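Participant: Could you have a look at this structure, given as structure tokens, before my questions?
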Amino acid sequence: MPLYFYPAWFFAGAFLTNSIPHLAQGLSGNRFQTPFASPPGVGESSALLNMIWGFANFAASGALLHACFPSKLPPPWGLCFVALAGALAMGLRLSMHFSKVRNAPPHP
């Protein structure tokens, strides 16, 4: 198995994890932070933009997994652990960022 499969699966896990809050907030009709808000990552974007951003992250994870899926099923445990590590890394980063942003005083 090529070595580039491992970073691809890591980022697939990260993109998949990042899609969850944006899709959930978008489906709920809530405003939520995106990189396109002002200021980026702090201001809130519309539910529609969150749906688009969440779906783009979901599609990116699917594209990475499709392009780098091993020929045998189930995938090797190493790839699964790398994807979980990517998901955990993104989850920890997002939880720290959003807890700071959501608990800060509102921006003008």
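Results for (1) loosely packed, with under 14 Cβ neighbours inside 10 Å; (2) assigned to a helix (DSSP H, G or I), shown as yes or no for each residue.
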residue: 20; (1), (2): no, yes
residue: 25; (1), (2): no, yes
residue: 36; (1), (2): no, no
residue: 66; (1), (2): yes, yes
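Participant: Can you tell me which residues in region 38-64 are assigned to a helix (DSSP H, G or I) and touching a helix residue (DSSP H, G or I) at 6+ places or on another chain (Cβ under 6 Å)? Lay out the reasoning, then the answer.
Facilitator: Here is the first cut: in region 38-64, the residues assigned to a helix (DSSP H, G or I) are 47-64.
The answer is 47, 50, 51, 53, 54, 57, 58, 60, 61, 64.
Participant: Can you tell me which residue is nearest to residue 94 (Cα to Cα) among those in region 26-51 that are in contact (Cβ under 8 Å) with a residue 24 or more places away in the chain and out of contact with any Ser or Thr (no Cβ under 9 Å at 6 or more places or on another chain)?
Facilitator: Filtering region 26-51 down to residues in contact (Cβ under 8 Å) with a residue 24 or more places away in the chain leaves 26-27, 33, 39, 41-43, 50-51.
With out of contact with any Ser or Thr (no Cβ under 9 Å at 6 or more places or on another chain) added as a condition, the list becomes 27, 39, 42, 51.
On the way: 27: 19, 39: 16, 42: 12, 51: 17 Å.
Across region 26-51, the extreme among qualifying residues is 42.
Participant: What tally of residues in region 12-37 results from selecting those that are of a type outside the set (Gly, Ala, Ser) and more than 9 Å from the chain's Cα centre (by Cα)? Before the answer, list the steps.
Facilitator: Within region 12-37, the first condition is being of a type outside the set (Gly, Ala, Ser), and the residues that meet it are 15-18, 20-23, 25, 27, 30-36.
When the remaining residues are screened for being more than 9 Å from the chain's Cα centre (by Cα), the result is 23, 25, 27, 30-36.
Of the residues in that region, 10 qualify.
Yes/no per residue for (1) among the hydroxyl-bearing types (Ser, Thr, Tyr); (2) farther than 17 Å from residue 7 by Cα; (3) surrounded by 17 or more Cβ atoms within 10 Å (Cβ to Cβ); (4) in contact with a His (Cβ under 7 Å, 6 or more places away or on another chain):
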{"site": "33", "(1), (2), (3), (4)": "no, yes, yes, no"}
{"site": "53", "(1), (2), (3), (4)": "no, yes, yes, yes"}
{"site": "70", "(1), (2), (3), (4)": "no, no, no, no"}
{"site": "73", "(1), (2), (3), (4)": "no, yes, no, no"}
{"site": "82", "(1), (2), (3), (4)": "no, no, yes, no"}
{"site": "86", "(1), (2), (3), (4)": "no, no, yes, no"}
{"site": "90", "(1), (2), (3), (4)": "no, no, yes, no"}
{"site": "104", "(1), (2), (3), (4)": "no, yes, no, no"}
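Participant: Here's a follow-up. Return the residues of region 68-108 that are of a type in the set (S, T, N, Q) and not in a loop (DSSP other than H, G, I, E, B); say none if nothing qualifies.
Facilitator: Going residue by residue through region 68-108, those that are of a type in the set (S, T, N, Q) are 71, 95, 99, 103.
95, 99, 103, listed by residue number.
Throughout, read-outs are computed from the coordinates displayed, never taken from laboratory work. Bear in mind the structure is a predicted one, so any value in this text is a computation, not a measurement. Don't worry about glycine lacking a Cβ; one is built from the backbone with ideal geometry, like all the others, and counts go over all protein chains shown.
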